[in-house]
Every structure is written in structure tokens, then in C-alpha cells.
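The values are calculated or read from the model by the stated rules, or taken from the named source; none is laboratory data. Please read all numbers here as calculations on a predicted model, not as lab measurements. Here Cβ is always computed from backbone atoms with ideal geometry, including for glycine, and neighbour counts include all displayed protein chains. Please note that ligands, DNA and RNA were not included when accessible areas were found on the heavy atoms of the full protein model with its side chains. Shrake-Rupley method; radii C 1.70, N 1.55, O 1.52, S 1.80 Å.
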Amino acid sequence: MATLPTFEVNAVERKHLFTIAEQIDKKQCSKFSKDEIEQLLYTYRAITGDPNGRIDRIKFRDLLQDHFHMSDDFFMDRVFRAFDKDSDGYLSHEEWVVGMITFIKGDLDSDIEYCFGVYDLNDDGYISREEMFQMLKNTMPKQLTEEDPDEGIKEIVEGMVKRMDHDNDSKVSLEDFKKSIENERLLIEAFGPCLPDSTLLEDFSAKIFNS
């Protein structure tokens with residue numbers, strides 16, 4: 001199993017991290033205790049390797065590969081975007097903690113909203129046929145043997161629209177997505193991998209929280 005980097009902090013940096021933890025604790029609805037937030041911030045510090053560093057796309061991708069065995073570049077980038085709420089190319093302390101709330105302590109509703117956000121490629125509030133096609137083509141190029149693999153993917157897209165488009169407007173809204181998952185839980189990752197494996201997540205959480 002991959003290990004997290006180790007580091008030492010001085011009293012000034014420890015106080016700084018404690019202050020950040022207090023600020024985040026007031027905002028994030030107590031999904032994590034303040035002690036857990038502090039441990040997440042120590043992990044953030046370990047990943048950056050620098051008191052003034054931030055988690056960029058490359059560091060985050062390394063984390064997903066090493067600890068969650070994710071390997072799809074397209075979806076690792078989408079997961080990063082889901083964490084990076086202000087779209088500045090870096091994860092702030094707060095973005096890191098809030099993202100980890102979904103990963104570590106997310107319930108079904110938050111998982112649904114998170115996955116929908118990953119799949120809504122242009123952030124317009126819908127998953128369109130074109131987006132489904134793009135994602136499915138990315139995840140299964142070697143699974144189809146037809147002379148024209150795009151036609152096979154288009155057939156899958158039409159099948160997904162029929163199963164998930166409950167209001168018949170030819171696209172999947174968040175409400176459509178929720179209803180689909182309520183009917184069939186496995187559809188939550190219908191368009192590609194974006195949730196952590198539960199066993200790997202338990203291992204990662206144990207490393208952070210020393211349990």
C-alpha cells in the first residue's frame with residue numbers, strides 16, 4: 001500500500017494550521033470534527049511538501065493513482081475539477097477538506113450530486129447525449145469490436161437516455177439522475193469511474209486519522 005509523505009512542522013506552522021482548521025470548522029457543517037480537519041490539513045501539508053505550497057493537478061492525480069488506484073486521465077481531471085470549486089488550478093485548504101467530505105463521509109445524496117457534477121462536462125446542469133458519448137468513448141474504446149465503434153457507443157447512449165431521462169427532454173438533469181440512482185444504485189458511475197473504492201478509502205482514512 002502507498003504511504004503518505006512525512007514531515008515536521010514548527011510551532012508557527014502548527015498554529016497556522018490550527019487557525020485554518022478553526023475557520024473551516026465553522027463553515028462545513030460538522031461532517032468532520034475539528035481534530036479530523038487538522039489531520040486533513042496535515043495531510044495537505046504533507047502532499048504539497050512546502051508550508052506555502054498548494055495541491056495542483058499533478059499532485060492530486062498522483063494521490064488518486066497511488067491511494068485510490070484511479071488510472072483514467074480524463075476522469076482524474078474531472079475529479080480534480082469537482083474539488084477545485086474556484087477553477088484556479090489549485091486546491092485550497094478548504095477545497096481539499098470539502099472535497100474529502102464527499103470522498104470520506106459522503107452519503108448517497110452527496111455522492112449523487114458529486115458524480116453528476118463530474119459528468120456534467122460543460123456545467124450547464126444537464127448530461128447531454130454528446131457528453132455521454134464523449135465519456136463512454138473515453139472509458140470503453142477497446143471493449144467494442146464493431147467496424148464502426150462510434151455506432152456501438154451511440155446505441156449505448158440511446159439506451160442510457162431511455163433509462164435515465166425521466167422527463168423526456170432528451171437530456172439528464174440532476175433530478176433525472178437522482179431518480180435513476182434511486183431505482184438502480186449501480187448507475188451512479190454509469191459514465192465512468194469517479195468514486196473511491198471503499199476498501200482503499202478505509203485504508204486512506206486510517207492513514208490520515210491514525211485509526
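The order of K15, K171 by accessible area, most exposed first and with a 1.4 Å probe, is K15, K171. Restriction of the GluC sites (Glu not before Pro) in the range 117-190 to DSSP coil positions whose beta-carbon has at most 10 other beta-carbons within 10 angstrom yields E146, E147. Surface listing: H67, H166, H93, H16 arranged by accessible area from highest to lowest gives H16, H166, H93, H67, probe 1.4 Å. Can you give me the angle between helix 174-183 and the longest principal axis of the chain, using Cα atoms only, in degrees from 0 to 90, rounded to the nearest 10? Value to nearest ten degrees: 80.
Spatial offset of the range 28-61 relative to the range 148-211 amounts to 27 Å, using the alpha carbon center of each. Site pair N168 and L186 shows an inter-label distance of 2.8 nm when each label is modelled 7 Å from Cα along Cα→Cβ. A simple rule links phi to the HN-Hα coupling: the Karplus curve 6.51 cos²θ - 1.76 cosθ + 1.60 with θ = phi - 60°, which for the range 34-43 gives 4, 4, 5, 4, 4, 5, 5, 5, 5, 5 Hz, with x for Gly and Pro.
Applying 1/(1 + (r/R0)^6) with R0 = 25 Å to the Cβ-Cβ distance of T6 and H69 gives a FRET efficiency near 0.70.
Note on exposure: V9, V79 ranked by accessible area (1.4 Å probe, complete protein assembly) read V9, V79, with the most exposed listed first.
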